[in-house]
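J.: Please find one structure pasted underneath; my questions will follow.
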Amino acid sequence: MSTHDVPGIVLAVGGGLAAVRTETGKERIAKFAGRLEERPVAGDRVRLFMEDEEGARIDVIEPRTTELRRQQRMRSEGERAMKEQVLAANAECVLIVASVTDPPLRRGLIDRILVAAWRGGLEPLLAITKEDLSNRADESPEAVLSDYAAIGVPGVLIDVRTDAGADAVRELIGGRTAAVIGHSGVGKSTLVNALTGGTLTIGAIHELSGRGRHTTTTATWLDLPGGGGLIDLPGIRSFSLAGITPHDLADAFGDIADSATKCRFSDCRHVGEAGCAVESTVEPARLASYRKLLEELERG
Ligand SMILES: Nc1nc2c(ncn2[C@@H]2O[C@H](COP(=O)(O)OP(=O)(O)OP(=O)(O)O)[C@@H](O)[C@H]2O)c(=O)[nH]1
Ligand SMILES: [Mg+2]
Ligand SMILES: [Zn+2]
């Protein structure tokens, strides 16, 4: 076997190393070649140089089909410098997980993740978990689902610990690859375990991911039986819109960007300006969602 250019997929990254699975199904811990321009992330397709029986080095990161990105404030730079952090590569959809309660459902977090999904070219899906706790919900989870369905985001309400719950989500994903994101404690890993048959914590990935502990600390790729995969992400507390311009926001709503080319003014923000084409053509629920986010952006 040639030891150059061995294709693989990144399962997890941590401490300057990556767990990579090669085409032949072997898991390796790999270093990063100095010339790599960016850090590999879970889901990346890479090419390895095999150093010996144990060691490997990532020489090439293949161009990504999608990136789920998040703005990150740079602590070191002092100023208000922002950096984009890539959370997951090559996923086709984002499964946004929110719980009915414990922790409480926050629409603001869902909305911000939606923007990131649309910007990155990923289809957002919504799973509301802990259906069994619905009697303690602040607002009806069915109402939340129908509001998001109105802006084109399909979703399900589930008790993650039941087979029916796992089946509903499996159908939503439909054999694709999904990045699983949401607040800590909403049930992402429980859901991922249910969907993957709990085939975790083996080999190289274990050393890096800390799976098995309660809280997920590293983005981790897992195969979905029957095709596709899941990228289980650590819980997020906040998801900043910082660095996103009103233009980026309109771009994220593809239908708004399309109609915007027909607005009378090229700098139209679609909030009631004369000759706005978006106002008259875009689905009212989506327009309302865009305007709410725009307001938030401009408030800073
Ligand atoms: N009642 C109820 N509890 C659930 C449900 N789904 C998950 N849980 C519980 O919620 C807790 C947190 O679940 P995890 O799967 O670890 O949550 P997570 O989203 O992966 O959390 P982080 O890794 O910290 O981001 C666990 O105690 C689960 O048993 C559900 O549908 N109903
Ligand atoms: Mg987890
Ligand atoms: Zn307009």
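J.: Residues that are over 27 Å from residue 238 (Cα atoms), assigned to a helix (DSSP H, G or I), more than 9 Å from ligand 2 (Cβ to nearest atom) and at pLDDT below 90: does segment 207-214 have at least one?
T.: Yes: one or more hits.
J.: Out of the residues in segment 114-132 meeting the condition of being touching a Gly at 6+ places or on another chain (Cβ under 8 Å) and more than 9 Å from ligand 1 (Cβ to nearest atom), tell me which one is nearest to residue 147 (Cα to Cα).
T.: 126
J.: Please determine, by comparing only the residues of segment 91-104 that are more than 13 Å from ligand 1 (Cβ to nearest atom) and surrounded by fewer than 24 Cβ atoms within 10 Å (Cβ to Cβ), which one is modelled with the lowest pLDDT.
T.: 104
J.: Any idea which of 259, 240 is near ligand 3 (Cβ under 8 Å from one of its atoms) and polar (S, T, N, Q)?
T.: Sole residue among the options that is near ligand 3 (Cβ under 8 Å from one of its atoms) and polar (S, T, N, Q): 259.
J.: Please find, within segment 150-187, the residue that is nearest to residue 240 (Cα to Cα) out of those that are in contact with a Gly (Cβ under 6 Å, 6 or more places away or on another chain) and crowded, with 19+ Cβ neighbours inside 10 Å.
T.: Checking each candidate, the answer is 183.
J.: Among (1) out of contact with any Lys or Arg (no Cβ under 9 Å at 6 or more places or on another chain); (2) surrounded by fewer than 20 Cβ atoms within 10 Å (Cβ to Cβ); (3) not polar (S, T, N, Q), where does residue 42 come up short?
T.: With (1) out of contact with any Lys or Arg (no Cβ under 9 Å at 6 or more places or on another chain); (2) surrounded by fewer than 20 Cβ atoms within 10 Å (Cβ to Cβ); (3) not polar (S, T, N, Q) applied to residue 42, the lone miss is (2).
A quick yes/no check of all residues on (1) open to solvent by less than 80 Å² (accessible area, probe 1.4 Å); (2) at pLDDT below 95; (3) of a type in the set (Val, Ile, Thr):
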site	(1), (2), (3)
27	yes, yes, no
36	yes, yes, no
47	yes, no, no
50	yes, yes, no
54	no, yes, no
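J.: Here's something else I'd like to know. Quick check on segment 223-249: of everything there that is open to solvent by less than 10 Å² (accessible area, probe 1.4 Å) and outside any loop (DSSP other than H, G, I, E, B), which residue is farthest from residue 102 (Cα to Cα)?
T.: Checking each candidate, the answer is 249.
The values are calculated or read from the model by the stated rules, or taken from the named source; none is laboratory data. Fair warning: this is a prediction, and the values are worked out from it, not measured in the lab. Glycine gets a Cβ as well: all are built from the backbone with ideal geometry, and neighbour counts include every protein chain shown. Ligands, DNA and RNA are stripped out before the accessible areas are found, and what is left, the full protein with its side chains, is counted by its heavy atoms. Shrake-Rupley method; radii C 1.70, N 1.55, O 1.52, S 1.80 Å.
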